[in-house]
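Accompanying notes for the structure given below.
The values are calculated or read from the model by the stated rules, or taken from the named source; none is laboratory data. Since we're looking at a predicted model, the values are computed, not measured. Glycine also receives a Cβ, built like all others from the backbone with ideal geometry; neighbour counts cover every protein chain displayed. Calculation scope for accessible area: heavy atoms of the full protein, side chains included, ligands and nucleic acids excluded. Shrake-Rupley method; radii C 1.70, N 1.55, O 1.52, S 1.80 Å.
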Amino acid sequence: MNRTLLLGAVAYDPKVVTIWTGFRSWFAERGLDLDYVLYAHYERQVDDLLAGRIDLAWNSPLAWIRAQRLARARDVTVRAVAMRDTDRDLTSVIVVRADSDLHSPAELRGRTVATGAVDSPQATLLPLALLRDTGLDPEKDLDLLRFDVGVGLHGDHVGGERDAADALRTGRADAACLLDASLLLFGREGVLPPGSVRVLAQTEPYDHCNMTVGPRADPALVAHFGELLLGMSYADDTARPLLDLEGLRQWLPGRTDRYAALDRAVTDSGFYQPDGAPGAGDRQP
């Protein structure tokens, strides 16, 4: 029997190699043989998870939605075993310039709204779903200025969001869709100086990435992995640099009740079909 647990991760940044090589060594020192495979985009990672070619996937929220849909269609089960403390209770915001004449989402009709990449949950799918809930049809009622940076990475970067923020700052857009944490970052960077913008609308809290267990993973190995991962301490000098690189202080149990809004946004936008197949339009890497 293969006693190696194989994890998939998307190489959205060169630091991903450092992170998972470090985690691999950390787990090995504690008796778990963990190896990893890097992917260029989430679509293939999810396909391989469902096919049993990998046991675990470090999934974006959109990849989690697709994995669930594929699993239901094939009558198998996937589950979220863990997530970062920083993956919980995020929000997205739609911001306008401080001197804008816009004061409600409904007033965006006919205006230019800048978004991140087509597959970014936080900078496209969720904020546009928020506008859809106000009665706007984003495709018909708005002039969407979309910045398709890193399509396939599901928004695991701030490239498209930074471009959207810059479009707002320079007057090419009337509003921009951003992760709330990105708004703070852009304030520190000077992309959107403090006081230059205000929030027009904000989503309900949602969760981001999770560690997804595939249908063919060895339950004993997954249980060992989960025990070690959730026990990882920021006080551990060998773990702390890796946790910093991965953007967390503590691993928490995976929860899935904060993905409903994204699942609905995926359905309403036609991004994925109910069985997880790609939806209409140019949405895939």
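Here are the numbers for this structure:
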quantity: Of all residues in segment 57-95 being assigned to a helix (DSSP H, G or I) and acidic (Asp, Glu), the one that is most open to solvent (accessible area, probe 1.4 Å); calculated: Asp85
quantity: Those residues of segment 9-35 which are touching a Gly at 6+ places or on another chain (Cβ under 9 Å) and open to solvent by less than 50 Å² (accessible area, probe 1.4 Å), in sequence order; calculated: Val10
quantity: Residues satisfying the stated conditions in segment 199-216, i.e. in contact with an Asp or Glu (Cβ under 6 Å, 6 or more places away or on another chain) and either within 17 Å of Val81 (Cα to Cα) or of a type in the set (Gly, Ala, Ser) (or both); calculated: Asp207, His208, Cys209, Gly214
quantity: Residue count for segment 262-277, restricted to those that are free of Cβ contacts under 8 Å to residues at least 12 places away in the same chain and not β-branched (Val, Ile, Thr); calculated: 2
quantity: Matching residues in segment 125-159 - criterion: being open to solvent by less than 50 Å² (accessible area, probe 1.4 Å), of a type in the set (Gly, Ala, Ser) and free of Cβ contacts under 8 Å to residues at least 60 places away in the same chain; calculated: Gly159
quantity: Filter result (out of contact with any Lys or Arg (no Cβ under 9 Å at 6 or more places or on another chain), under 21 Å from Arg172 (Cα atoms) and among the aliphatic types (A, V, I, L, M)) within segment 126-160; calculated: Leu128, Leu131, Leu144, Val158
quantity: Candidates Ala106, Ala57 - the one that is of a type in the set (A, V, I, L, M), farther than 30 Å from Gly195 by Cα and touching a residue at least 12 places away in the same chain (Cβ under 8 Å); calculated: Ala57
quantity: Among (1) in contact (Cβ under 8 Å) with a residue 12 or more places away in the chain; (2) farther than 25 Å from Ala40 by Cβ - the single one Gln122 does not satisfy; calculated: (2)
quantity: Residue check for Thr115: of a type outside the set (Lys, Arg), within 30 Å of Gly276 (Cβ to Cβ) and in contact with a Lys or Arg (Cβ under 6 Å, 6 or more places away or on another chain); calculated: yes
